[in-house]
Structures are given as C-alpha cells and as structure tokens.
Amino acid sequence: MDIITTSAKMAEYITNLKKQKCKISYVPTMGDLHDGHISLIQSAKKEKSKTIVSIFVNPLQFNDKSDYENYPVTTEKDLEKLIVNNVDCLFLPAKNNILDNLEEYKINKLPDFLNCLCGKFRPNHFEGVYSIVRKLFDLVNPDYVYFGEKDYQQALLIKHIIKNSYNNKINLIICETIRDEFGLAMSSRNNRLSNQQKKIASNIIKELMKIRTKIHNEGVSLFNDLRKEAIKVLEEFGMRVEYLELLTSEKLDKSEDKNNNYMIFIAVYLSDVRLIDNLKI
C-alpha cells in the first residue's frame, strides 16, 4: 500500500494513474476505522479501479471544539485494517496541507435541504464538509466515491457537489448503514459508550422501526403522535432527543404527496455522546 502525506505527492500520484488509464475509487474518512468504513472499502474494491482511502480529521466540520479534540486518532490500527483490505493507497495529509488556500472552496449559500436536521443543530458543519470534500475531490480526481447512508444529509450534499461542481462526472455510491450487535449505526462516537449505554441506545432503532410499522399500517398522518410517544420512551431511558423528523428522501421536506419516499431521521444525546440514525419508510 502506498502512503502519501502531501498534496503535491498526491497530485503526482493521481497524474500517473490517469496516464495509465486507471479508474479511481475513493473513500474519504476521518480515521478510527470501523466496520462501516470497511464496508465502503469493500464496495470500492468491487470496481476495476485503484482504491484510495484518505484519513483527515476535518476541524471545520466540528461545531463543538471539545468534540474535535476528543476525536480518536488510531492511525496504526487503521493502517493494519487498510492493508488487510488491500487498499492501494492511503492519503494521510497534515492538517495545514489541506486547510491552506481554501478560499476557492467556500460555499456562498447552502442548498435548502441543509436547513434542517444536523444543518439546523450544527452551525457551520456542512460549510466545513463542503470545503474539505471539494478540495479532496480535486486532489484525488475520483471516478467513484463512497459514503454511508447513516450520514444521509451529508450524502445529499455530496450529490449536490458532484452535480454542481463536477457535472455529474463522479459516480456517488451510497452504501447501507452497518449496525453493531446492539443495532447501533456504526460510528466512531460509539467507542465512547459502555456496553450498558449501547444497550440503552439500541432503543433508538427499535423506536424508529415501531414508527415505520405503524406508518405502513395507518399512514403518515399519525407521525406527530408517534413522534411524541417515541421521544417519551427515549427520554425515559435517559436520552435527550435533539430531533425526530419524518421527511422526504429527495428534498428533506415535509411534503405529504403520496408519491414521495419518506425517511425518519433522529439525533439524540446519551450522556455527552451525540448519535444519529435514519430509516426508510
């Protein structure tokens, strides 16, 4: 596995791959790799392409400074996992190497679908995601990129970036959420929970599945009542619900057109750990 630590070397590496007519499959990560990341890498390996993974903890997407400072750095373990999964190249840049000269990658106005959910509760989060993803895409010049469905609002932003900045010339593959033995959507934040807390957090997906079943049986008009019931249950387990919404999957709005596809979205705090999840209706 090649390991590249500077933008200049990365540009040189990509130029050589393109000269050889190689396709590039790219998985951007912030490290602390778990089974969710590995599933993205395994999906990338299915293409006849070179697989590139980047590890860069993006400070611009953390609205909470302590959350950034507590983000785990597990580079040695990550390297082992990448080698086992036959990744061709790891891009491991220093912070300033990516954060310098970001002016051209600032977004003037976020699309409307980022005004809700995490976009509402995490100020400047998606502006930070936008800037760094744009810069990484320009450096890696991928043909395929892989993101997880757990971060669905982020995946919609990536789709927006690809359409508006790359003329849809990058193929976006959104991979299904990988869950742990407790049913939690895999996340690096889960490492901060004890097993007992994970058992408690397993009620998140249980409540979403209850809501989905009742909506299937009786319709979306019941959602407000179901929402109140679910919040009450989760609060009794000691969680604080930040949001619980039923929105369309395309625009993240509350349109009640019967032809729409809906998803349930949730964010909760268990102790000081923020957990998000979603479920298709």
Next item on the list: Find the Cα radius of gyration of the stretch 188-280, compare it with 2.2 N^0.38 Å by division, and give the number to two decimals.
Entry: 1.11
Item checked: For the stretch 192-245, convex hull volume per residue from C-alpha positions, Å³ -> 74
Next item on the list: Excluding residues on the same chain fewer than 8 positions from Lys163, give the lysines whose Cα lies under 20 Å from its Cα.
Entry: Lys23, Lys106, Lys109, Lys135, Lys251
Notebook entry, point to check: Looking at the square roots a ≥ b ≥ c of the eigenvalues of the Cα gyration tensor of the chain, which shape do they give, rounded for a/c under 1.5, prolate if a/b is larger than b/c, or oblate?
Noted result: prolate
Note to self: Would you work out the Kirkwood radius for the stretch 88-201? I mean one over the mean of 1/r across all pairs of different Cα atoms, in Å.
What the structure shows: 16.1
Notebook entry, point to check: Say each of Leu110 and Ala8 gets a label point 7 Å from the Cα, pointing the same way as Cα to Cβ; how far apart are those two points in nm?
Noted result: 3.6
Checklist line | Charge context of Ala267, other residues only, Cβ under 11 angstrom, K/R +1, D/E -1 | finding: +1
Check: Using a simple spin-label model with points 7 Å from Cα along the Cα→Cβ vector, what separation in nm is obtained for Phe121 and Asn63?
Finding: 0.9
Next item on the list: Normalise the Debye intensity by I(0) for the stretch 1-160, one equal point scatterer per Cα, no solvent, then take log10 at q = 0.16, 0.17, 0.18 Å⁻¹ and round to two decimals.
Entry: -0.96, -1.09, -1.22
Check: Once the Cβ-Cβ distance between Lys163 and Asp253 is put in as r, and R0 is 30 Å, what FRET efficiency do you end up with, to the nearest 0.05?
Finding: 0.95
Next item on the list: Any chance you could check the Cα centroid distance between the stretch 48-80 and the stretch 185-237 for me, in angstrom?
Entry: 28
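Read the figures in this text as sums done on the coordinates, not as results from a lab. In this text, all values refer to a predicted model and were calculated from it rather than measured experimentally. A quick note on method: Cβ atoms are made from the backbone with ideal geometry, for glycine too, and the neighbour counts reach across all protein chains shown.
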